[in-house]
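First comes the structure, then the notes that go with it.
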Amino acid sequence: MSRPRGQRATVRDLAAETGVSIATVSRVLNNQAHVAPDTRDLVQRAVERLGAQAPGPRTAPDRVASGAVYLRCPYPGSTTRPWR
């Protein structure tokens with residue numbers, strides 16, 4: 001598997017290298033349950049070998065709310081007006 005120099009391995013690269021699904025690689029990288037210990041070790045060795053990095057903790061800008069407000073209004077042409 002060849003990547004340009006300095007480019008990190010992707011989840012797809014790790015899945016192809018280890019023969020497991022992308023979902024399994026993601027579970028290992030995010031330290032989630034329901035992964036067999038042997039599979040977890042296999043993926044972690046591939047991470048070290050390919051120079052991949054597990055995702056770090058999410059930062060505040062990732063969690064900022066959009067500020068959008070959802071307002072539900074009846075259809076503009078409706079003859080029923082429940083607020084009257």
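The values are calculated or read from the model by the stated rules, or taken from the named source; none is laboratory data. Here the structure is a predicted model, which is why all the values come from computation and not from measurement.
Starting from residues that are in a helix (DSSP H, G or I) and of a type in the set (S, T, N, Q), keep the ones in the stretch 9-34 and report whichever is modelled with the lowest pLDDT. Working first, answer last.
Here is the first cut: in the stretch 9-34, the residues in a helix (DSSP H, G or I) are 11-18, 22-29.
If we keep only those that are of a type in the set (S, T, N, Q) as well, we get 18, 24, 26.
Working: 18: 94, 24: 94, 26: 90.
By that ranking, first place goes to 26.
Kindly indicate the residue of the stretch 35-84 that is part of a loop (DSSP other than H, G, I, E, B) and modelled with pLDDT of 90 or more and also nearest to the chain's Cα centre (by Cα) among those meeting that condition.
So, considering only residues that are part of a loop (DSSP other than H, G, I, E, B) and modelled with pLDDT of 90 or more, the one nearest to the chain's Cα centre (by Cα) is 35.
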